[in-house]
Amino acid sequence: MNNLVIRPARLSDAPALAACIDAAYAHYRATMPDLPAVSEGCAQEIAEHLVWVAELEGAVVAGLVLIPSDGFMKLANVAVDPNRRGAGLGRRLLALAEEESLRRGFRQMRLHTHARMPENIRLYSRLGWKVESETGNTVSMRKELSSPES
């Protein structure tokens, strides 16, 4: 993946980002009727929040959405095209999320994931995230961040 470029998303990326998100979540759709439509409003997210895309040979293959909140950075979405899984894209985007959060002065990140996505929960746990609460199918997690110099 020498040609991989991770860059801030542009409004013109919204359709490609939505398609990437849909592809990333497609295998969950059949078994999770309560899964929200995570690709809706990509253009609005790009306009209002912090959004990056990973581009390979001109195609969007992953995306990251962060939302600054009161006292923490929300990891709203990280999605990797299923044809690119296992190449470390998700970890690279999560590392970018932490770097950007710290750069903006946040020392805590939070996210919500679905209880029926145990592989995601395991990945986040391995990366230092802690389960904060479980309500219905929603698992809320947080991660305390420390700057590299501390």
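Per-residue answers, yes or no, for (1) touching a helix residue (DSSP H, G or I) at 6+ places or on another chain (Cβ under 7 Å); (2) among the charged types (D, E, K, R); (3) over 24 Å from PRO36 (Cβ atoms):
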residue: GLY88; (1), (2), (3): no, no, yes
residue: ARG92; (1), (2), (3): no, yes, yes
residue: LEU96; (1), (2), (3): no, no, no
residue: ARG103; (1), (2), (3): no, yes, yes
residue: ARG107; (1), (2), (3): no, yes, yes
residue: THR113; (1), (2), (3): yes, no, no
residue: PRO118; (1), (2), (3): no, no, no
residue: GLY128; (1), (2), (3): no, no, yes
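For region 78-104, give me each residue that is at positive phi and part of a strand (DSSP E or B). Give the steps one after another, and end with the answer.
So the first thing to find is which residues in region 78-104 are at positive phi, and the list is 86, 88.
If the condition is that a residue be at positive phi and part of a strand (DSSP E or B), then no residue fits.
Being under 21 Å from ARG7 (Cβ atoms), loosely packed, with under 15 Cβ neighbours inside 10 Å and at pLDDT 95 or above holds for only one residue in GLU99, GLU144, and it is GLU99.
Among ALA16, ALA47, ALA30, ALA23, which is the only one that is at pLDDT below 95, over 15 Å from the mean Cα position of the chain (by Cα), small (Gly, Ala, Ser) and surrounded by fewer than 20 Cβ atoms within 10 Å (Cβ to Cβ)? Step through it out loud before you land on a result.
Details: ALA16 fails: at pLDDT below 95; ALA47 fails: at pLDDT below 95; ALA23 fails: over 15 Å from the mean Cα position of the chain (by Cα).
Checking each option against the conditions leaves just ALA30.
Annotation note: Cβ proximity below 6 Å between a residue of region 9-26 that is of a type in the set (Phe, Trp, Tyr) and a residue that is outside any helix (DSSP H, G or I) and surrounded by fewer than 20 Cβ atoms within 10 Å (Cβ to Cβ) (sequence gap 6+ or interchain) occurs for TYR25/VAL38. Would you please list the contacts, defined by Cβ atoms under 6 Å and residues six or more apart or on different chains, that run from a residue in region 36-63 that is in a loop (DSSP other than H, G, I, E, B) to a residue that is at pLDDT 95 or above and surrounded by fewer than 19 Cβ atoms within 10 Å (Cβ to Cβ)? Close Cβ pairs (under 6 Å, with a partner that is at pLDDT 95 or above and surrounded by fewer than 19 Cβ atoms within 10 Å (Cβ to Cβ)) amount to HIS49/ILE67.
The values are calculated or read from the model by the stated rules, or taken from the named source; none is laboratory data. Please read all numbers here as calculations on a predicted model, not as lab measurements. Note that we place each Cβ from the backbone using ideal geometry, even for glycine, and neighbour counts take in every protein chain shown.
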